[in-house]
Amino acid sequence: MSSSVIKPHVNDPETIRRLLTTPARWAVVGLSNNPLRVAPRVGQALQGQLGMQIVPVSLRGDDVLGETGYRTLEDIPGHVDVVDCFVNSQKVGAIVDQAIAIGASAVWLQLGVVDEAAARRAKSAGLEVVMDTCPLIELRNI
């Protein structure tokens with residue numbers, strides 16, 4: 001009798017390196033103008049240090065870091081390469097499903113954001129997945 005064991009997601013260092021070094025358009029979900037949150041600092045690094053185009057996504061749809069904000073991923077015109085998720089683990093599955101629906105190329109679940117089922121859905125849909133880490137941490141390793 002064999003039991004099927006589902007292996008937890010393991011980040012691929014090559015995927016992380018490629019996502020952080022290839023110019024891309026990143027939708028940053030949960031990005032706001034609140035300086036007490038870490039998302040603006042990560043967004044600024046993606047934009048300034050790495051040269052990524054960022055697209056702020058939040059419930060209010062606020063413009064952040066000089067970029068037009070949107071309320072949902074579906075509202076963003078054009079292709080999104082990476083969906084960077086600054087939402088809690090209980091809510092991230094819906095964001096991952098939206099990323100799949102819009103045809104994003106990858107999802108990045110921030111430090112402390114873990115949803116194994118959502119990661120499996122994204123991988124099954126052909127998206128690259130990075131989970132439970134931050135681009136600012138990973139920059140030290142590339």
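Remarks
- Within region 45-99, the trypsin sites (Lys or Arg not before Pro) that combine a DSSP coil assignment with at most 14 other C-beta atoms in a 10 angstrom radius are Arg60, Arg71.
- Helix 89-102 axis, angle to the chain major axis (alpha carbon atoms, nearest 10°): 80
- Looking at the chain alone, DSSP beta bridges between its own residues are antiparallel in about 5 percent of cases.
- Dividing the summed helix terms, -39500 (n - 2.57) for each DSSP H run of n ≥ 4, by the number of residues in the chain produces a 222 nm estimate of -8000 deg cm²/dmol to the nearest 500.
- Sites Ser89 and Leu136, calculated FRET efficiency, Cβ-Cβ separation with R0 25 Å, nearest 0.05: 0.80
- Label point of Gln53 set 7 angstrom out along Cα-Cβ; within region 105-141, amide nitrogens under 15 Å from it belong to 105.
- A simple spin-label model places the labels of Lys123 and Asp12 1.0 nm from each other, with each point 7 Å out along Cα-to-Cβ.
- In nm, spacing of pseudo-spin labels at Ser105 and His79 (7 Å Cα→C-beta vector): 0.7
- Over all pairs of different C-alpha atoms in the chain, the reciprocal of the mean inverse distance, the Kirkwood hydrodynamic radius, equals 15.1 Å.
- Among Leu109, Leu50, Leu19, residue whose mean-square fluctuation peaks in a GNM of the chain (springs only between Cα atoms under 10 Å): Leu50
- This model, with +1 at the C-beta of Lys and Arg and -1 at the C-beta of Asp and Glu, gives the chain a dipole about its Cα centre of some 200 debye.
- Two-site FRET efficiency, Val38 against Asp97, from Cβ-Cβ distance with R₀ of 30 Å, rounded to 0.05: 0.80
The numbers here are math on the coordinates, done by the rules we state, and not lab data. Because the structure is a prediction, the values reported are computed rather than measured. As a convention, Cβ positions derive from the backbone with ideal geometry for all residues, glycine included, and neighbour counts pool all protein chains shown.
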